[in-house]
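Scroll down for the structure; my scribbles are underneath it.
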């Protein structure tokens, strides 16, 4: 969706909006074809931060572009991740600095491929180490030239934003240039720009006066004010010097008085910036939102939103039980197998070569062709020392039982199959899951039955307001062959239960009579057909089993070769079956646990007999 469409929607709903800017992590090597390990780790950390900050409810995020495209692949990769995995609308910066036309075209094509429809067209700063700006001989001289090029080549596909400078562009050498800044801005808009995103500022009266002058010049596109949080005294000083930003004297007096105390600087700065934001929003200049320059930091922007009482108003409605992707081929996708519920990035990686994605129904069960396990595939998302600290060194089978049981009770922060704690909805069945794990049913995925919860339910809800959502009880676990035989004999007494069981070699056992999908989550909403976003299906399960077993082997590899812990986990993966069980009567969801509770009761009886 284009930014102006989001701003119009916010205006119709009479609500304020906000957005965030991030920049790709810097390189630590100077090779145009190499991304250093530091950059990779920096990118991982940044993606995690964007994931968290998405919960603050931004309308969009924008990603910067270093002069000359020094981080081009990092920028485009981050845009792709935001669109595909994080599911937040993204605006990509694009500069003229050091950029030949073919490089610009490549960047725009990559953005289009990833579903990004918003671009901020900039002339850019001089290359690092230079004070003068010179155009590339085969590039563009002004941002207006870049805007025209985008319009000529792509029509209205991209929404194009341009920069506005309330205090004049610091690159202007002559006062006449500064006086003509608004005319230059109008030329960019006349070339086809759709909105204006401003440079940082702290002089609110000057900004409001500038907005009025922009309107008097006949520029009517939305103005998005760029807001820089004040997080430390040194950071504030550096930002002000780099952008040559005017700072009111009373601000300097208040901040200098506490400059030795970072916490106080942040507190005073947040109050000053928030008061400035209130004046902007209350001024009669048509601005109803704020664009926050995060500097890749979380606390400052969050404190401003809290000070403005915006966070409590944030309600992110989940259109589906899983986070939708915004890439072009996936925008209509509304069905996924449940098996990757805890590993969304892996699912996206293994299906990114699909030409189309399930929409409305899964279709032929033979059609899914899953790619190789790579990229975001089966890697444990913890460093070696951290993984050992989380899982310790299990020496016997009961130690493994206890680890899984602790995870279900939220006493362990992760498992190799899930790097997040259990979902909130799991709390209604956590005791039953813990009991299962205690006797050797190692659960890695589950969902409770839900019978007509409202779509705005804080735990189970998803989809548009006014609807109702349903779930069948689902369990997925590793189990030994002996326990599997006992379990199957009990499951077959209940015609409402279906299962698939497969070992590492691919030997499959099932009681289903159809290769078609079994919907385990669905919703009923006003004026819409029934939506069935989560399924259990044989071909997908067989693709998932390779990944599930591989994660187990990777767990074993965190231990010393030949150690008791390594051999224990390896033996479990070599011998156990991966099983999924569905109870198809969603009105009696607790019944899915009956075969396991019977086994627990049987084990207790055996122990009692042994004692006697």
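Of the candidates 35, 86, the single residue that is touching a helix residue (DSSP H, G or I) at 6+ places or on another chain (Cβ under 8 Å), over 20 Å from residue 117 (Cα atoms) and modelled with pLDDT under 90 is 35.
Out of the residues in segment 463-495 that are outside any strand (DSSP E or B) and touching a strand residue (DSSP E or B) at 6+ places or on another chain (Cβ under 6 Å), state the one that is surrounded by the most Cβ atoms within 10 Å (Cβ to Cβ).
The qualifying residue surrounded by the most Cβ atoms within 10 Å (Cβ to Cβ) is 472.
What residue, among those in segment 513-533 that are more than 19 Å from residue 337 (Cα to Cα) and at pLDDT below 90, is surrounded by the most Cβ atoms within 10 Å (Cβ to Cβ)? Step through it out loud before you land on a result.
Within segment 513-533, the first condition is being more than 19 Å from residue 337 (Cα to Cα), and the residues that meet it are 524-529.
With at pLDDT below 90 added as a condition, the list becomes 527-529.
Numbers: 527: 7, 528: 11, 529: 8.
Looking at residues that are more than 19 Å from residue 337 (Cα to Cα) and at pLDDT below 90, I get 528.
Condition check ((1) part of a loop (DSSP other than H, G, I, E, B); (2) touching a residue at least 24 places away in the same chain (Cβ under 8 Å); (3) more than 24 Å from residue 449 (Cα to Cα)) across all residues:
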position: 523; (1), (2), (3): no, yes, no
position: 526; (1), (2), (3): yes, yes, no
position: 547; (1), (2), (3): no, yes, yes
position: 555; (1), (2), (3): no, yes, yes
position: 558; (1), (2), (3): yes, yes, yes
position: 573; (1), (2), (3): no, yes, yes
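Residue 302 passes every criterion in (1) assigned to a loop (DSSP other than H, G, I, E, B); (2) touching a helix residue (DSSP H, G or I) at 6+ places or on another chain (Cβ under 9 Å); (3) surrounded by 15 or more Cβ atoms within 10 Å (Cβ to Cβ); (4) at pLDDT below 95 apart from (1).
Filtering segment 181-236 to residues that are more than 19 Å from residue 121 (Cβ to Cβ) and without any contact (Cβ under 8 Å) to a residue 12 or more places away in the chain leaves 205, 209, 216, 234. Residue 563 meets the conditions (1) at pLDDT 95 or above; (2) touching a helix residue (DSSP H, G or I) at 6+ places or on another chain (Cβ under 8 Å); (3) under 25 Å from residue 386 (Cβ atoms) in every case but one. The failed one is (2). Quick check on segment 496-512. Is at least one of its residues surrounded by 15 or more Cβ atoms within 10 Å (Cβ to Cβ) and assigned to a helix (DSSP H, G or I)? Taking every residue of segment 496-512 in turn, none turns out to be surrounded by 15 or more Cβ atoms within 10 Å (Cβ to Cβ) and assigned to a helix (DSSP H, G or I).
Residues of segment 419-456 that are in a helix (DSSP H, G or I) and either under 29 Å from the mean Cα position of the chain (by Cα) or crowded, with 17+ Cβ neighbours inside 10 Å (or both): 424, 425, 426, 427, 428, 430, 432, 433, 434, 435, 436, 437. Would a scan of segment 260-274 turn up a residue that is within 30 Å of residue 187 (Cα to Cα) and exposed (fewer than 15 other Cβ atoms within 10 Å of the Cβ)? So far as segment 260-274 goes, no, none of its residues is within 30 Å of residue 187 (Cα to Cα) and exposed (fewer than 15 other Cβ atoms within 10 Å of the Cβ).
Quick grid of which residues meet (1) closer than 15 Å to residue 276 by Cβ; (2) part of a helix (DSSP H, G or I); (3) at pLDDT 90 or above:
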site	(1), (2), (3)
219	no, no, yes
231	no, no, no
234	no, yes, no
237	no, yes, yes
241	no, yes, no
246	yes, no, yes
250	yes, yes, yes
255	yes, yes, yes
258	no, no, yes
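If we scan segment 386-401, do we find a residue that is within 27 Å of the chain's Cα centre (by Cα), under 26 Å from residue 537 (Cβ atoms) and crowded, with 20+ Cβ neighbours inside 10 Å? No: segment 386-401 contains no residue that is within 27 Å of the chain's Cα centre (by Cα), under 26 Å from residue 537 (Cβ atoms) and crowded, with 20+ Cβ neighbours inside 10 Å.
The values are calculated or read from the model by the stated rules, or taken from the named source; none is laboratory data. On a predicted model such as this, the values are computed, not experimentally measured, just so you know. No Cβ is skipped: glycine too gets one built from the backbone with ideal geometry, and neighbour counts run over all protein chains shown.
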